[in-house]
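Written out below as structure tokens is the structure these notes cover.
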Amino acid sequence: MKKFVVILLLAVMGYYISAIFFDIGFGNSHLVEGISPVKDAYLEETVNTLSVANTVTSIVVNFRGFDTLGEVTVLFLAVTALGSILYKKRHQAGDRSVLFSASKIVTSGSKLLFPAIVLLGAYVFIHGHLSPGGGFQGGVIIATGFLLMLLAYENFTVGHNALSVIESLAGITFAGVGMWGLIYGGSFLENFLPVGTLNDLFSGGVIPIIYIAVGFKVAAELTGVIYTVLHEKG
Amino acid sequence: MEDTLFKLLDYGIYGTAVLVILVGLYGALVKRSLLKIVISLSVIDSGINLLLVAIGYLKGGTAPIFSPGYLENPKVMVDPIPQALVLTAIVIGFGVTAVALSLVIRLYRHHHTLHIDEIKNLKW
Amino acid sequence: MVGTPVLFVAIPLLAAFLIPLFGMIWKESVRILPGIVLAYLLVLAINLMNYVMVNGPIVEVIAGWAPPLGINLIFSPFSGFLVTLMVFLGLIVWIYSYRFKRNVDFEPAKKYFILLMMLITGSVGMVLTGDIFNLFVFIEITSISAYALTAFYTGRNSAEASFKYLMHGSLASAFLLIAIMIIYSQLGTLNMADIGSKMHLMKPAFKISAIILLFTALGIEAEIFPLNGWAPDAYAEAPGPVGAAFAGIVVKAAIYASIRVIYTLFDLSGAYDLLIIIGMITLIIAETAAIRQEKLKRMLAYSSIGQMGLVMVAFGIGTEEGVFAALFLMFNHAIIKSLLFLSGSYLVYNSKDKLIKEVNGIGKFLPITSFLFVLGAFAIVGLPPFAGFWSKLSVLSAAADSNMLLIIALVLIVSIIEIVYYMRVVNRIYFFKKDETVSSQRPTFNALIAMLTLGAIVLIVGFYPDAITGFLHRASADLMDKAGYINDVLTLN
């Protein structure tokens, strides 16, 4: 009975929401008449003022950088909440819970793949302003490499304190760069370094610096999350 | 020919995204196992991100990246704002899923079951 | 001026990243650093409030791009008043919870203070922001801190309450994202003032869908019936000071967001009637549910939900006196309900189930705490000469000016119901015999200071309400002035 009522309600909701989106149309320009949308201004300012090739990077770090600061905080809070909810006193802490050891292919292959994965992740977040990618994407790739090593070897450890220190330092870099902009420029997160030319590695002012800090932070946090959950015995 | 293909894509993409959201909502409301509820919440997030990216597409558009050699033959660029919003939304969805799974682990520690009917201690 | 509005968010974030590093060097710094940050923010808030009352709203841009390209923060008399109230309550909660439970290890204490500071920062950010997607990000910051703080104690029930809260909160953020999508696809901008100025160009079908989705999403956070299933469990299972923070800080920010959406973003006149109807239903159902409760904190939670329903009714009246009455109610409810939660925590400190039956005769053993609880109970019911009397009077006069007699009748009936269940507890505290199996716990020195400060404010506002009515009049005039808001933001260069 309950399933029937739920399906009915969802069908009604789905009908109304899809009617709205079909009306909007896919691929058309669906803004109402007479509005100059914000995205044209973004596309123009990216090339002329900021000299950053990847528009999405310049939006995420510079135009809407406050949202990125909030998002980095959400990740930090998620790791803190995870540690707080799963807290166990010293004498109850367990070791790794291992069901069965990994096979020969996994153990030998992961040793070869791990440096390559870390290199790919570092490349992605260093070149975030020139090609598709950025801090978040690169950090996740590096964390995947650590996950592979943690699954393959039982005694592979990452220092918990080291991860915490990297995370805090990267966060302080981001907020500190913003405060520096406030003190010397006039507004929070303003660009105060000289912008180079388009498509150079050192273009865009503070944008690559912030994105590299974000890359380190995301890699450290995701590895910390995997590590905390893997040590849950019982 | 191209027009009917686009009509199909039009209904197809938005319809698929809304269907994914509805499947996730059904799972979150009806299922009785804690792990399935958390997976349904994650499915809802995926559906919403898909819908958000689909809004930004423009016909015949290309990625909003000014690679070398772009300025010689400029084309229409798709909307970069929904892509930036989706970046933020994916990370936030990951954070909430991580907290939800840790709560499931703690509930399992105490009650040794994942079935929601046996955990209802807090009533009216 | 000692600073700008962005410091309300930037300084706590910097402190939150620094606390794990300082904690490795000196263990007490984990408890002290949030207090220093909150005290500085209170000084900043009072300073900015004085400036704004004379010179008009402060609009600050982030990253140097003027709106609508960039994000902006707004510190106007309305939002500034709420920010000052929230930061003050945050400082009180910090003073109270400095050494609340004796046997907490270092790791959970560090995480508790970081999460508490982020809860306050997220709510302050929700009130200050001028951009819809930024509002979503701050709602998520507040929600994740709230989920973790609800599950802080390792008893059996706190994880279940937190999971219920998490499910409702996830649905809220999903609906909020769909509403943002609909608005963005039509109007092409995410700035609140820009949306307000272009709203008349949107098709009515889209407008109605967007406002229903937005109101549902923000209503889950603001505990409106029927979306408040998570609230009584979360308030009852969270630690005492965290319950006070929920009632006084988080709910106020959510109500601010929904009011800003209805008053400034949309121009539908039917939305005010919607507020009145939903507010009245919430009020009736929550107050009648509160009579049947047996646990002290659940009773206080249902009472809090009912008061929020009354605030919604007052906002729905739509005139400037209605807004003034609603703001006065919000101020009084924040102070008095926090006092009730903080003193109520000590009344049931050592009991396992926190039942009302266990406060019998505790008036002799904890004299100051019991007196403060009774003071709070009298004030919230609306007895003169305490603070709650003036706010209920202003609601009644605003309703009478608009000829809404049903609201007057309802408020009077509900006040009688409130007197019934509060006086039951007061009766048990003073006139019953003490149960020998329950031991009482004396409050710590800083907890006493926190509670006495709140009690003093209740008495001061009760005897001399003009202390804050000046701020409230400016704040309500500022909310009704939609054209002024849009003008201040969009003509920035």
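List of remarks:
- Listed here are the helices (runs of 4 or more DSSP H) enclosed by region C:1-112 that have at least 1 residues being closer than 30 Å to A:LEU82 by Cβ, of a type in the set (A, V, I, L, M) and at the interface with chain A (Cβ under 9 Å from one of its Cβ atoms): C:7-25.
- Leading residue by the ranking (farthest from C:ALA193 (Cα to Cα)) among those in region C:86-133 that are hydroxyl-bearing (Ser, Thr, Tyr) and touching a Ser or Thr at 6+ places or on another chain (Cβ under 8 Å): C:TYR98
- Only one of the listed residues (B:ILE90, B:ILE39, B:ILE44, B:ILE116) is more than 7 Å from chain A (Cβ to nearest Cβ) and surrounded by 21 or more Cβ atoms within 10 Å (Cβ to Cβ). That residue is B:ILE44.
- Unmet criterion (only one of (1) within 14 Å of chain B (Cβ to nearest Cβ); (2) buried (at least 22 other Cβ atoms within 10 Å of the Cβ)) for C:GLU223: (1)
- A:ILE207 being surrounded by 18 or more Cβ atoms within 10 Å (Cβ to Cβ), within 14 Å of chain C (Cβ to nearest Cβ), touching a Ser or Thr at 6+ places or on another chain (Cβ under 7 Å) and not small (Gly, Ala, Ser): yes
- Sole residue being assigned to a helix (DSSP H, G or I), in contact (Cβ under 8 Å) with a residue 24 or more places away in the chain and within 17 Å of the chain's Cα centre (by Cα), chosen from B:GLY47, B:GLY15: B:GLY47
- The sole residue among A:PHE22, A:PHE66 that is in a helix (DSSP H, G or I), of a type outside the set (Asp, Glu) and modelled with pLDDT under 85 is A:PHE22.
- Residue that is nearest to A:LEU75 (Cα to Cα) [pool: residues in region B:64-87 that are part of a loop (DSSP other than H, G, I, E, B), facing another protein chain (nearest Cβ under 7 Å) and at pLDDT 80 or above]: B:PRO80
- Considering residues of region A:7-66 that are of a type in the set (S, T, N, Q), within 24 Å of the chain's Cα centre (by Cα) and more than 7 Å from every other protein chain (Cβ to nearest Cβ) only, the residue surrounded by the most Cβ atoms within 10 Å (Cβ to Cβ): A:THR57
- Of the listed requirements (1) modelled with pLDDT of 85 or more; (2) out of contact with any Ser or Thr (no Cβ under 8 Å at 6 or more places or on another chain); (3) under 28 Å from C:ILE74 (Cβ atoms), C:PRO465 misses just one: (1).
Yes/no per residue for (1) acidic (Asp, Glu); (2) more than 14 Å from chain C (Cβ to nearest Cβ); (3) part of a helix (DSSP H, G or I):
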| position | (1), (2), (3) |
| --- | --- |
| A:GLY138 | no, yes, yes |
| A:GLY145 | no, yes, yes |
| A:LEU151 | no, yes, yes |
| A:THR157 | no, yes, no |
| A:GLY171 | no, no, yes |
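One line per residue, one yes/no per condition, for (1) surrounded by fewer than 20 Cβ atoms within 10 Å (Cβ to Cβ); (2) under 13 Å from A:GLY215 (Cβ atoms):
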| residue | (1), (2) |
| --- | --- |
| A:ALA102 | yes, no |
| A:GLY109 | yes, no |
| A:ALA116 | yes, no |
| A:TYR123 | yes, yes |
| A:HIS129 | no, yes |
| A:GLY133 | no, yes |
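- Residues of region C:450-469 classified as over 30 Å from C:PHE100 (Cα atoms) and in contact with a helix residue (DSSP H, G or I) (Cβ under 8 Å, 6 or more places away or on another chain), total: 4
- Of all residues assigned to region C:306-320, none qualifies as being aromatic (Phe, Trp, Tyr), more than 19 Å from the chain's Cα centre (by Cα) and crowded, with 21+ Cβ neighbours inside 10 Å.
Let's see how each residue does on (1) in a helix (DSSP H, G or I); (2) modelled with pLDDT under 90:
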site	(1), (2)
C:TYR272	yes, yes
C:GLN293	no, yes
C:LYS297	yes, yes
C:SER304	yes, no
C:MET308	yes, no
C:SER345	yes, yes
C:GLY361	no, yes
C:LYS364	no, yes
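So that you can scan it fast, the table gives a plain yes or no per residue for (1) out of contact with any strand residue (DSSP E or B) (no Cβ under 9 Å at 6 or more places or on another chain); (2) under 21 Å from C:LYS101 (Cα atoms); (3) free of Cβ contacts under 8 Å to residues at least 12 places away in the same chain; (4) of a type in the set (Lys, Arg):
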{"site": "C:GLY316", "(1), (2), (3), (4)": "yes, no, no, no"}
{"site": "C:GLU321", "(1), (2), (3), (4)": "yes, no, no, no"}
{"site": "C:SER338", "(1), (2), (3), (4)": "yes, yes, no, no"}
{"site": "C:LEU342", "(1), (2), (3), (4)": "yes, yes, no, no"}
{"site": "C:LYS352", "(1), (2), (3), (4)": "yes, yes, yes, yes"}
{"site": "C:VAL359", "(1), (2), (3), (4)": "yes, yes, no, no"}
{"site": "C:PHE373", "(1), (2), (3), (4)": "yes, yes, no, no"}
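- Condition check for B:ALA98: farther than 15 Å from C:PHE136 by Cα and at the interface with another protein chain (Cβ under 8 Å from one of its Cβ atoms): yes
- Out of C:MET192, C:MET202, sole residue that is surrounded by 24 or more Cβ atoms within 10 Å (Cβ to Cβ) and not acidic (Asp, Glu): C:MET192
- Screening A:ALA162 against (1) free of Cβ contacts under 8 Å to residues at least 24 places away in the same chain; (2) of a type outside the set (D, E, K, R); (3) within 11 Å of chain C (Cβ to nearest Cβ) leaves a single unmet condition, (3).
- Residue satisfying all of: in region C:403-460; among the basic types (Lys, Arg) and at pLDDT below 85; farthest from C:TRP94 (Cα to Cα) among these: C:LYS433
- Of everything in region C:160-200 that is among the charged types (D, E, K, R) and away from chain A (no Cβ under 12 Å), the residue that is nearest to B:HIS111 (Cα to Cα) is C:GLU160.
- Taking the criterion of being among the hydrophobic types (A, V, I, L, M, F, W, C), over 25 Å from A:PHE156 (Cβ atoms) and within 11 Å of another protein chain (Cβ to nearest Cβ), the only residue of region A:114-136 that qualifies is A:LEU130.
- Taken over region C:160-185, the residue count meeting the criterion of being farther than 20 Å from B:ASN49 by Cβ and over 25 Å from the mean Cα position of the chain (by Cα) is 0.
- Residues of region C:28-46 satisfying the condition of being hydroxyl-bearing (Ser, Thr, Tyr) and under 16 Å from C:VAL87 (Cβ atoms): C:TYR40
- Residue match in region C:115-131 (condition: within 7 Å of another protein chain (Cβ to nearest Cβ), more than 30 Å from C:SER209 (Cα to Cα) and crowded, with 24+ Cβ neighbours inside 10 Å): yes
- Residue identified as out of contact with any strand residue (DSSP E or B) (no Cβ under 9 Å at 6 or more places or on another chain), under 28 Å from A:LEU198 (Cβ atoms) and not β-branched (Val, Ile, Thr) among A:GLY121, A:GLY133: A:GLY121
The values are calculated or read from the model by the stated rules, or taken from the named source; none is laboratory data. Here the structure is a predicted model, which is why all the values come from computation and not from measurement. Cβ atoms come from the backbone with ideal geometry, glycine included; neighbour counts cover every protein chain shown.
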